[in-house]
1. Here are some residues: 209, 150, 204. Which one is of a type outside the set (Phe, Trp, Tyr), in contact with a Cys (Cβ under 7 Å, 6 or more places away or on another chain) and modelled with pLDDT of 95 or more?
2. I'd like the full set of residues that are over 23 Å from residue 126 (Cβ atoms), part of a helix (DSSP H, G or I) and over 20 Å from the mean Cα position of the chain (by Cα), limited to region 55-73.
3. Based on this model, can you work out whether residue 118 counts as within 30 Å of residue 274 (Cβ to Cβ), in contact with a strand residue (DSSP E or B) (Cβ under 8 Å, 6 or more places away or on another chain) and not small (Gly, Ala, Ser)?
4. If you scan region 157-188, which residues turn out to be under 12 Å from residue 300 (Cβ atoms), among the charged types (D, E, K, R) and in contact (Cβ under 8 Å) with a residue 24 or more places away in the chain?
5. Of all residues in region 74-118, which are over 16 Å from the mean Cα position of the chain (by Cα) and in a strand (DSSP E or B)?
6. Could you say whether any residue in region 152-159 is more than 22 Å from residue 124 (Cβ to Cβ), out of contact with any helix residue (DSSP H, G or I) (no Cβ under 9 Å at 6 or more places or on another chain), part of a helix (DSSP H, G or I) and of a type in the set (D, E, K, R)?
7. For region 172-190, which positions are part of a loop (DSSP other than H, G, I, E, B) and of a type outside the set (Lys, Arg)?
8. If a residue counts only when it is over 25 Å from residue 177 (Cα atoms), at pLDDT below 95 and in contact with a strand residue (DSSP E or B) (Cβ under 7 Å, 6 or more places away or on another chain), which helices (runs of 4 or more DSSP H) contained entirely in region 212-323 have at least 1 such residues?
Amino acid sequence: MGGLFSRRYNPLTDLPDLTGKVIIVTGASAGIGKHTVLHLARKGAKIYLAARNESKTIGAIKELELAGLGPGNGSLHYIKLDLSDPQSIKKSAEEFLKREDRLDVLINNAGFVEEDYVTLKEGLGESIFANYLGPFIYTNALLPLLKKTAAEPGSDVRIVNLSSAAHAFPASKDTIFTSKEALNNRFTNSRIGKMQRYGYAKLANILHANELQRRLDEENIPITCISVHPGGVATPGAQRLFNNMLPFGTFLMKLISTSQEDGAITSAFAAGATEVKAHRDQYKAAYLVPFGKFGTKSKPAQDSQKALDLWNTSEQIVKELNL
């Protein structure tokens, strides 16, 4: 099953019991994130839905509870997080650390599809900040607790970054991460430019997982970092993105896409599948595609120097933000 077998992975029957696990899913108020929560909570996990819209997320929690999450299943909790706001990121991590003494899985699921280029007050585009730098900051803020949990006997700690096949869209000449100016690659507001801008951030998600895995391995810390392409899923953001590429893109997307529940299968696999723990060396810094199978990264996404450049630049930006 999953990455090692041919038949389709079924979270309902194939995921193990996750009772006692504490998980964060960002951007979990709708779409893939919401259904990832459903798959994992059905197996007993305690899950924090980290999102910026409290009323929408509370509504999602109520819907999920009506979908069958009750006694014997996991519990759902809201925590505020705006990945385009450094102070919100910091406060969200601090709040979580006050409430929990363990973190088994962090799923950086939240995604942002920018229409026209928008510059935040921090001097970076909203797409690269919300899709990449925000999750980078959030992960680092939670990393001490992830490491502490990983030190416990029998632990199985994972960090999952939602990427996309779009990570291959930017040309190699555009994938430069050696400075804040380079990271802030604006591209154009054309249909192709918007796709490249989104893909650039999704490439950064993979490079982040690659470099983080390398650093954790150097410290002999048993945390597994995985990047995921969920497939063609008809989320509102994906429909807008596809419509940017082609006339009638939204209509075509609906015709060829999978459901949001199925789109969450690979995330659920990466977060909880027994195969990942049993074959951890194969899954470290892996790029998974539906449904839990190994995919092929683009050439820039395999470049260790780009991953290191991105990490160093990100650390410098974080330092400038006084976080």
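The values are calculated or read from the model by the stated rules, or taken from the named source; none is laboratory data. In this text, all values refer to a predicted model and were calculated from it rather than measured experimentally. Note that we place each Cβ from the backbone using ideal geometry, even for glycine, and neighbour counts take in every protein chain shown.
1. 209
2. Result: 58, 59, 62, 63, 64, 65, 66.
3. On the way: within 30 Å of residue 274 (Cβ to Cβ): no; in contact with a strand residue (DSSP E or B) (Cβ under 8 Å, 6 or more places away or on another chain): yes; not small (Gly, Ala, Ser): yes.
The answer is no for residue 118.
4. Matches in region 157-188: 174 only.
5. Selection gives 75, 76, 77, 78, 79, 80.
6. In the first step, residues of region 152-159 are kept if they are more than 22 Å from residue 124 (Cβ to Cβ); the result is 152-159.
Checking the rest, the ones that are also out of contact with any helix residue (DSSP H, G or I) (no Cβ under 9 Å at 6 or more places or on another chain) come to 152-154.
From what's left, part of a helix (DSSP H, G or I): none.
No: region 152-159 contains no residue that is more than 22 Å from residue 124 (Cβ to Cβ), out of contact with any helix residue (DSSP H, G or I) (no Cβ under 9 Å at 6 or more places or on another chain), part of a helix (DSSP H, G or I) and of a type in the set (D, E, K, R).
7. Scanning region 172-190 gives 175, 176, 177, 178, 179, 184, 185, 187, 188, 189, 190.
8. Answer list for region 212-323: 260-263.
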